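S.K.: Attaching a single structure in structure tokens format; questions to follow.
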Amino acid sequence: MTELILSLDVLDKTEACAIAKSCAPYIDAIKVGYPLVLATGLSIVRDLADLGLPLIADFKVADIPNTNRLICEAVFSAGFDAVIAHGFVGPDAARTCVEVAHSHGGAAYIVAEMSHPGATEFFHGGVAERIAELAVAVRADGIIAPATRPERIVRLREIIGKKTIYSPGVGAQGGDPDAVARLVDGIIVGRSIYAAEDPAAEAERLSRIRR
Ligand code: XMP
């Protein structure tokens with residue numbers, strides 16, 4: 001079954017909790033990034049934890065190993081279950097995120113290729129493939145790959161095998177959930193759900209998409 005991950009990029013704590021609660025029956029995890037954490041503080045993790053869903057920290061961690069370690073320790077101490085980190089920083093820095101995640105019983109996902117149009121500037125030409133290889137080498141739990149380019153997901157799947165692929169870019173960025181869901185382990189959806197008139201109804205509709 002393809003998971004549905006809600007990307008909760010709203011800025012108000014009450015609104016975030018209300019949307020998360022209404023969508024909870026239809027989603028498999030909640031992804032929280034800088035917009036919500038910078039607006040509300042890390043305490044939002046405790047508020048969302050009551051829903052009993054895995055919480056993924058999308059901080060796209062991309063620093064030297066020591067700083068990555070400090071960031072990831074803070075992420076998991078706050079109560080997150082997984083972290084998203086960049087791979088272009090190299091194996092030592094990426095491996096640190098994986099090791100910290102695993103030491104907390106959590107998971108780490110490496111961004112192999114991003115979903116926005118400009119991402120092709122640097123990620124194409126072999127870079128995304130090398131990052132996917134790196135994700136395997138550092139024993140990451142999986143990669144992030146673009147729902148906006150299903151053919152790239154197919155290519156990256158050849159490299160990472162059965163590791164998890166989570167895929168953002170569905171809906172607002174143009175990605176077609178029907179085309180992507182059968183290729184990945186989970187689709188990450190933000191605006192299509194949280195900006196919908198009825199977020200729970202949209203989450204339910206997307207949750208019906210199964211490979
Ligand atoms: P929307 O509103 O476009 O939100 O459905 C998508 C969410 O996913 C994040 N995002 C990405 N994260 N690699 C990532 O690690 C990507 O290529 C990527 N594309 C989008 C985005 O920040 C938002 O939270």
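The values are calculated or read from the model by the stated rules, or taken from the named source; none is laboratory data. Keep in mind that this is a model prediction, so the values were computed, not measured. Here Cβ is always computed from backbone atoms with ideal geometry, including for glycine, and neighbour counts include all displayed protein chains. Ligands, DNA and RNA are stripped out before the accessible areas are found, and what is left, the full protein with its side chains, is counted by its heavy atoms. Shrake-Rupley method; radii C 1.70, N 1.55, O 1.52, S 1.80 Å.
S.K.: Being more than 8 Å from the ligand (Cβ to nearest atom), of a type in the set (Val, Ile, Thr) and under 15 Å from CYS23 (Cβ atoms), is that true of even one residue in segment 178-188?
M.R.: Among the residues of segment 178-188, at least one is more than 8 Å from the ligand (Cβ to nearest atom), of a type in the set (Val, Ile, Thr) and under 15 Å from CYS23 (Cβ atoms), which makes the answer yes.
S.K.: Which of the residues belonging to segment 132-148 are away from the ligand (no atom under 11 Å from the Cβ) and open to solvent by less than 30 Å² (accessible area, probe 1.4 Å)?
M.R.: ALA132, LEU134, ALA135, VAL138, ALA140, GLY142
S.K.: Quick one: THR2 ticks every box in (1) among the hydroxyl-bearing types (Ser, Thr, Tyr); (2) within 12 Å of the ligand (Cβ to nearest atom); (3) surrounded by 18 or more Cβ atoms within 10 Å (Cβ to Cβ) bar one, so which box is it?
M.R.: It fails just one condition, (2).
S.K.: ILE131 - would you say it is touching a residue at least 24 places away in the same chain (Cβ under 8 Å), out of contact with any Phe, Trp or Tyr (no Cβ under 8 Å at 6 or more places or on another chain) and in a helix (DSSP H, G or I)? It would help to see each step written out before you state the result.
M.R.: Details: touching a residue at least 24 places away in the same chain (Cβ under 8 Å): yes; out of contact with any Phe, Trp or Tyr (no Cβ under 8 Å at 6 or more places or on another chain): no; in a helix (DSSP H, G or I): yes.
Taking the combined requirement at face value, the residue does not satisfy it.
S.K.: Using the structure shown, decide if GLU129 is open to solvent by 30 Å² or more (accessible area, probe 1.4 Å), over 14 Å from TYR166 (Cβ atoms) and more than 11 Å from the ligand (Cβ to nearest atom).
M.R.: Numbers: open to solvent by 30 Å² or more (accessible area, probe 1.4 Å): no; over 14 Å from TYR166 (Cβ atoms): yes; more than 11 Å from the ligand (Cβ to nearest atom): yes.
No, not satisfied.
S.K.: Identify all residues within segment 149-203 that are surrounded by fewer than 18 Cβ atoms within 10 Å (Cβ to Cβ) and at positive phi; write none if there are none.
M.R.: GLY161, GLY174
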